[in-house]
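The structure under discussion appears below in the form of structure tokens.
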Amino acid sequence: MALYLKTPDEIAIMREAGRIVARAHAAMKEALRPGISTGELDKIAETVIRDYGAVPAFLNYPKPNAPSYPATINASINNELVHGIPSNDRIIQEGDIVSLDTGCIYQEFIGDSAYTYAVGEVSPAIQRLIKVTEESLRIGIEASVMPNSIKDVALMIQRYVESQGYSVAREYTGHGVGRSMHEEPEMPNWWSRIAERRGRKNHPLQVGMTYAIEPMVIAGRADLMELDDQWTVVTKDGSLCAHFEHTIAITDGKPIILTLP
Ligand code: MG
Ligand code: MG
């Protein structure tokens, strides 16, 4: 599949989609406290997205041989890496770290971003995991300039995260974003010759590319498994993990972060 390069007009619409996602995140951040359920956070995000004339992008997202995704957000707590399904029974506790990921479709274009928060008091080690993950996203965005390639961006993220003593998730990657939530190119947070040999494609960055960078960083080993709900991905050894994501557009200068307020 060819890369779908967006026109400036399309990028302007994507910026609006991203702004709506940012507003949903702001509302969830304000509500996040011990005692709230992830189901309540989901409702808050859905309300904001619909109030701005957009549609939740994750809701009913299909997955082969599994039920479609049933909610507006992913709420992944502690050793849940990504795709935690929100529920009114899942109550956030003091000391949890919570990754919230959401996306919307606005005028046929998508925005997608994620943040990880510490709820109440957490140890300096957990604060550091969150800070390093956020910094790895910043590094990935800063590296998203021509004439760099996807491989350059991936290696910058990987080297930084590993230099801090953490692992990057390998089975899950960032992705092109546009009229579909997942389009070309794949945006991994790591690179290897083996992956290349198995068909992973490098691409030079080009003006008009729009993609989500989303490093998923794990304090321990990077082995993952999926829970019986067929969505929630957890670390096998119970290690804590964090996840930050922005959707960006490549220009001939600095990238535009589309999912800022
Ligand atoms: Mg996301
Ligand atoms: Mg994404």
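Please treat every number below as a calculation from the coordinates, not as lab data. This structure is a prediction, so every number in the text was calculated from the model and none was measured. Using ideal geometry, Cβ is built from the backbone for each residue, glycine included, and neighbour counts are taken over all protein chains shown.
The rows are residues; the columns are (1) within 16 Å of ligand 1 (Cβ to nearest atom); (2) of a type outside the set (Lys, Arg); (3) under 12 Å from the mean Cα position of the chain (by Cα).
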site: Cys104; (1), (2), (3): yes, yes, no
site: Ala118; (1), (2), (3): no, yes, no
site: Arg128; (1), (2), (3): no, no, no
site: Ser136; (1), (2), (3): yes, yes, no
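In the set (1) surrounded by 16 or more Cβ atoms within 10 Å (Cβ to Cβ); (2) in contact with a Pro (Cβ under 8 Å, 6 or more places away or on another chain), the condition left unmet by Met14 is number (2).
All of Ser37, Ser99, Ser68 fail the test of being free of Cβ contacts under 8 Å to residues at least 12 places away in the same chain and not aliphatic (A, V, I, L, M), apart from Ser68. Note on the range 167-252: enclosed strands (runs of 3 or more DSSP E) holding 1 or more residues that are surrounded by 18 or more Cβ atoms within 10 Å (Cβ to Cβ) and within 16 Å of ligand 1 (Cβ to nearest atom) are 174-176, 183-187, 210-213, 216-218, 233-235, 241-243, 246-249. Confirm whether Ser76 is within 27 Å of Gly208 (Cα to Cα), of a type in the set (Ser, Thr, Tyr), surrounded by 15 or more Cβ atoms within 10 Å (Cβ to Cβ) and out of contact with any Lys or Arg (no Cβ under 8 Å at 6 or more places or on another chain). Here the answer is no, as Ser76 does not meet what is asked.
Sort out which residues of the range 48-62 are outside any helix (DSSP H, G or I) and either touching a Lys or Arg at 6+ places or on another chain (Cβ under 7 Å) or not hydrophobic (A, V, I, L, M, F, W, C) (or both), and write them in order of number. Tyr52, Gly53, Pro56, Asn60, Tyr61, Pro62, listed by residue number.
Every residue, every condition in (1) within 16 Å of ligand 1 (Cβ to nearest atom); (2) closer than 17 Å to Pro261 by Cα, yes or no:
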{"site": "Ala22", "(1), (2)": "yes, yes"}
{"site": "Ile36", "(1), (2)": "no, no"}
{"site": "Ala45", "(1), (2)": "yes, yes"}
{"site": "Gly84", "(1), (2)": "yes, no"}
{"site": "Glu94", "(1), (2)": "no, no"}
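Quick check: is even one residue across the range 111-120 within 15 Å of ligand 2 (Cβ to nearest atom), part of a strand (DSSP E or B), among the acidic types (Asp, Glu) and under 20 Å from Cys241 (Cα atoms)? Yes - at least one qualifying residue is present in the range 111-120. Only one entry in Ile97, Ile105, Ile91 is of a type in the set (A, V, I, L, M, F, W, C), under 29 Å from Tyr166 (Cα atoms) and surrounded by 19 or more Cβ atoms within 10 Å (Cβ to Cβ), namely Ile97.
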